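Peer 1: Before I ask anything, let me first share the structure, which is written out below as structure tokens.
The values are calculated or read from the model by the stated rules, or taken from the named source; none is laboratory data. Treat the numbers as computed from the prediction; the structure is a model and nothing was measured. Here the Cβ is made from the backbone with ideal geometry for all residues, glycine too, and neighbour counts use every protein chain on show. Note: areas computed on protein heavy atoms with side chains; ligands, DNA, RNA excluded. Shrake-Rupley method; radii C 1.70, N 1.55, O 1.52, S 1.80 Å.
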Amino acid sequence: QVQLVESGGGLVQAGGSLRLSCAASGIIFRINAMGWYRQAPGKQRELVASITSGGTTNYADSAKGRFAISRDNAKKMLYLQMNSLKPEDTAVYYCTVYGMGYWGKGTLVNVSS
């Protein structure tokens with residue numbers, strides 16, 4: 001059974017940092033591309049960042065220069081380091097395994113101005 005469990009969200013002031021984590025189980029983690037998405041109230045879910053099995057990363061324009069995606073294959077963990085947070089980063093953040101259609105339940109990030 002595939003499970004993705006996000007953690008690390010919370011309330012932070014603008015300019016602050018958070019590190020999100022996603023614990024994966026039930027998959028051969030090291031061979032899968034992974035991604036972080038977010039969904040703000042009233043908006044569609046959007047890509048934040050992705051990382052291939054080989055470590056190649058891709059970022060949404062809004063995340064470039066501020067966020068960093070990484071993975072630890074041995075621990076089956078996906079991370080998203082978020083710096084210089086802005087109120088517009090407020091959303092529920094989800095991790096996903098590409099090609100399998102699995103999503104976690106999300107973790108809420110709330111950035112106050």
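Peer 1: Over the chain, with every protein chain in place, what whole percent of the accessible area is carbon and sulfur at 1.4 Å, could you tell me?
Peer 2: In the chain, the share of accessible area belonging to carbon and sulfur is 48 percent.
Peer 1: Work through the residues other than Asn32 whose Cβ is under 14 Å from its Cβ and net out their charges, Lys, Arg +1 and Asp, Glu -1.
Peer 2: Numbers: positive: Arg30, Arg71, Lys76; negative: Asp72.
Once positives and negatives cancel, what remains is +2.
Peer 1: Could you give the nm distance between label points at Ser7 and Trp103, where each point is 7 Å from its Cα heading toward the beta carbon?
Peer 2: Roughly 2.2 nm, to one decimal.
Peer 1: With springs only between Cα atoms under 10 Å apart, run a GNM on the chain and tell me which of Ile28, Ile51, Ile69 wobbles the most.
Peer 2: Taking springs between Cα atoms under 10 Å, the residue moving most is Ile28.
Peer 1: When only DSSP loop residues count, what trypsin sites (Lys or Arg not before Pro) in the stretch 40-113 have their Cβ near at most 13 other Cβ atoms within 10 Å? Walk me through the numbers on the way to the answer.
Peer 2: Numbers: sites: Lys43, Arg45, Lys64, Arg66, Arg71, Lys75, Lys76, Lys105; in loops: Lys43, Arg45, Lys64, Arg66, Lys75, Lys76, Lys105.
Hits after loop and neighbour filter: Lys43, Lys64, Lys75, Lys105.
Peer 1: For Asn83, what is the net charge nearby, where nearby means another residue's Cβ is under 14 Å from its Cβ and Lys, Arg count +1, Asp, Glu -1?
Peer 2: +3
Peer 1: About its Cα centre, what dipole magnitude does the chain give when the only charges are +1 on Lys and Arg Cβ and -1 on Asp and Glu Cβ, stated in debye to the nearest 20?
Peer 2: Rounded to the nearest 20 debye, it is 160 debye.
Peer 1: Suppose accessible area is computed on protein heavy atoms with a 1.4 Å probe; arrange Asp61, Asp89 from highest to lowest. Kindly include the intermediate steps, with their values, before the conclusion.
Peer 2: Numbers: Asp61 125, Asp89 0 Å².
Reading off the accessible areas and sorting them downward yields Asp61, Asp89.
Peer 1: Can you check what the net charge comes to around Val92, using other residues whose Cβ is under 11 Å from the Cβ of Val92 (Lys, Arg +1; Asp, Glu -1)?
Peer 2: Once all neighbours under 11 Å are counted, the net charge is +3.
Peer 1: Per residue, how much accessible surface does the chain expose to a 1.4 Å probe? Answer in Å², no decimals.
Peer 2: On a per-residue basis, 53 Å².
Peer 1: Then there is this: Ordering Glu46, Glu6 by how much accessible area each has at a 1.4 Å probe, largest first, what is the list?
Peer 2: Highest to lowest solvent-accessible surface, that is Glu46, Glu6.
Peer 1: Let's test the formula: R0 of 25 Å, r as the Cβ-Cβ distance of Arg30 and Glu88. What FRET efficiency results, to the nearest 0.05?
Peer 2: On the way: r = 34 Å, r/R0 = 1.34.
The value I calculate is 0.15.
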